[in-house]
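Engineer: Right, I'll just put the structure down here and ask away after.
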Number of protein chains: 2
Amino acid sequence: MNYTEAKEKFISTWGALGTLWGINKAMAQIHALLWISPEPLSMEDIMEELHISRGNTSMNLRQLMDWGIVFKESKPGERKEYFASEKDVQELARQVAKERSRREIKPVIKVLREVSGIEGDGTKKTEELIKQTKALYELADNADTMMNKIVNQESNWITKTLMKLIK
Amino acid sequence: MNYTEAKEKFISTWGALGTLWGINKAMAQIHALLWISPEPLSMEDIMEELHISRGNTSMNLRQLMDWGIVFKESKPGERKEYFASEKDVQELARQVAKERSRREIKPVIKVLREVSGIEGDGTKKTEELIKQTKALYELADNADTMMNKIVNQESNWITKTLMKLIK
DNA sequence: TTAAACTTTCAGTAATTTTTGAAACTTTAA
DNA sequence: TTAAAGTTTCAAAAATTACTGAAAGTTTAA
């Protein structure tokens, strides 16, 4: 496998994984491209490399910036803007975990708390609803707490500590 | 919030979360419905409750069974088949983690190993590709190993051990 | 066997999500 | 200022994904 084949395989695999996890393909592929690029890239560069339109590129770059894993860079003396990826894998993981927690997990936890907190009326179906949503609430809340602890440690705490524990 | 409101809120929230994580809404909602149902439900019950077609119900029940989190039950003396959810939250988490690892993470790890294993040619871009995909490979491989260890422990190892460690 | 009860499959349709491309907007250098 | 260089927005089109419903398939009881 040569450079070009490897690059294409990586970009398309990353795009496919994204899709499976609810992230759109273009967004994941732009990230993949920037992740392996030694230099920041312009919008033109990205459009050309991935064969996607200007609008698509712009919208997805904005999302990647909202996620905090891609940054705008301006080269001195140039009008054009360049885009660069966060390059540290631990920081990438932390950022993704943090954002998914904030946007997706926390709101669900809130609903689970509300739902599992309704008053029992003695019927079997109500008892089951309370019991089962409470269990889910506790799981989600523990997992989220854990994730946030991990995410707020220095970068490779997770690898160092957990691997020792588990191996 | 009364029983019906709580049930509907739970089902729709669970469906929305599924969507965000690449699981289709009907599948997530069927799971939610069975999760809180004190008794196994028939296909008719599910169709009626969620207002979805027979075909849709059948296909998504099959998928839930493939994931190992819903089971077919036949009541003695009845022709109809009934469906019941795995009820233990720890077992649910283990099963989901196990399947996502097998279907989605493992194949990506394989690609990352291949891609990061190409021979360097001294160019900057090739070095960067190798370095960055290797970092991702190591992260994914560690995370996956960890997940599988957790998943293969007795059910609440994760809660017991990790929470102690982290709190 | 057969026919009733029930489930699965799948081609066509519907709904949703993504992408495009051109117009509107913004910034900067002269 | 102004116009060139660049970016963003968004309505419409394309692509993808999910859903329906009816036909085909399966199972069971008589």
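Each value in this text was obtained by applying a stated rule to the coordinates, not by laboratory testing. All figures in this text were calculated on a predicted structure; none of them were measured in a lab. As a convention, Cβ positions derive from the backbone with ideal geometry for all residues, glycine included, and neighbour counts pool all protein chains shown.
Engineer: Which one, A:Pro38, A:Pro107, A:Pro76, has the greatest fluctuation when you compute a Gaussian network model over chain A with C-alpha springs under 10 angstrom?
Structural biologist: Among A:Pro38, A:Pro107, A:Pro76, the largest mean-square fluctuation in the Gaussian network model of chain A belongs to A:Pro76.
Engineer: Could you check the simple spin-label distance between A:Asn152 and A:Lys106, using points 7 Å along Cα→Cβ, in nm with one decimal?
Structural biologist: It is 1.2 nm.
Engineer: Using Cα atoms only, what is the angle between the long axis of helix B:54-66 and the major principal axis of chain B, expressed in degrees (0 to 90) to the nearest 10?
Structural biologist: For helix B:54-66, the angle is close to 50 degrees.
Engineer: Under 17 Å Cα to Cα from A:Lys125, which lysines show up? Leave out anything in the same chain fewer than 8 places away.
Structural biologist: Answer for A:Lys125, where 17 Å is the Cα cut-off: A:Lys134, B:Lys7, B:Lys9, B:Lys87, listed by chain and number.
Engineer: Closest to the B-onto-A rotation axis, which residue of chain B has its Cβ, and how many Å off the axis is it?
Structural biologist: Of all Cβ atoms in chain B, the one nearest the axis gives B:Gly22, 2.
Engineer: I would also like to ask the following. Would you list which aspartates and glutamates come within 18 Å of A:Lys75, measuring only between C-alpha atoms, while excluding same-chain residues fewer than 8 positions from it?
Structural biologist: Filter leaves A:Glu39, A:Glu44, A:Asp45, A:Glu86.
Engineer: Can you tell me what the convex hull of the Cα atoms of chain B projects to on average, as an area in nm²? Let's see the in-between values first.
Structural biologist: Details: hull surface 58.0 nm².
Answer in nm², one decimal: 14.5.
Engineer: Can I ask one more? HN-Hα J couplings of the stretch B:115-130 from phi, Karplus 6.51/-1.76/1.60, θ = phi - 60°, integer Hz, Gly and Pro as x?
Structural biologist: These are the phi-based 3J(HN,Hα) values: 5, 6, x, 5, 7, x, 10, x, 7, 4, 5, 5, 4, 5, 4, 5 Hz.
Engineer: Okay, next question. Between copies, how close do the A:Glu138 label points come, placed 7 Å along Cα→Cβ, listed in nm from shortest?
Structural biologist: 3.8
Engineer: Where in the stretch B:95-141 are there GluC sites (Glu not before Pro) that are in a DSSP coil and have at most 14 other Cβ atoms within 10 angstrom of their Cβ?
Structural biologist: Details: sites: B:Glu99, B:Glu104, B:Glu114, B:Glu119, B:Glu127, B:Glu128, B:Glu138; in loops: B:Glu119.
Passing sites in the stretch B:95-141 are B:Glu119.
Engineer: Helix-only estimate, please: 222 nm mean residue ellipticity of chain B, summing -39500 (n - 2.57) across DSSP H runs of length 4 or more and dividing by its residues, to the nearest 500. Each step should come with its number before you reach the end.
Structural biologist: Details: 8 runs with 106 residues, N = 167.
Mean residue ellipticity, 222 nm, calculated: -20000 deg cm²/dmol.
Engineer: Give or take rounding to whole Å, what are the principal axis extents of the alpha carbon atoms in the protein assembly as shown, in descending order?
Structural biologist: 75, 44, 37
Engineer: Would you please name the chymotrypsin sites (Phe, Trp or Tyr not before Pro) within the stretch A:6-41 that are DSSP coil residues with at most 16 other C-beta atoms within 10 Å of their C-beta? If you can, show how the numbers build up before the last one.
Structural biologist: Values: sites: A:Phe10, A:Trp14, A:Trp21, A:Trp35; in loops: A:Trp21.
Here the sparse-neighbourhood loop sites are A:Trp21.
Engineer: Starting from the stretch A:59-127, pick out the trypsin sites (Lys or Arg not before Pro) whose DSSP state is loop and whose Cβ has at most 12 other Cβ atoms within 10 Å.
Structural biologist: Passing sites in the stretch A:59-127 are A:Arg79, A:Lys80.
Engineer: Once R0 is set to 25 Å, what does the formula 1/(1 + (r/R0)^6) return for the Cβ-Cβ distance between B:Phe71 and A:Glu127, expressed as a FRET efficiency to the nearest 0.05? Intermediate values should be presented prior to the final figure.
Structural biologist: Details: r = 22 Å, r/R0 = 0.86.
Rounded to the nearest 0.05, the efficiency is 0.70.
Engineer: Distances in nm, one decimal, shortest first, from B:Glu39 to the same residue in every other copy, taking the label point 7 angstrom along Cα→Cβ.
Structural biologist: So the distances to the same position in the other copies read 7.1 nm.
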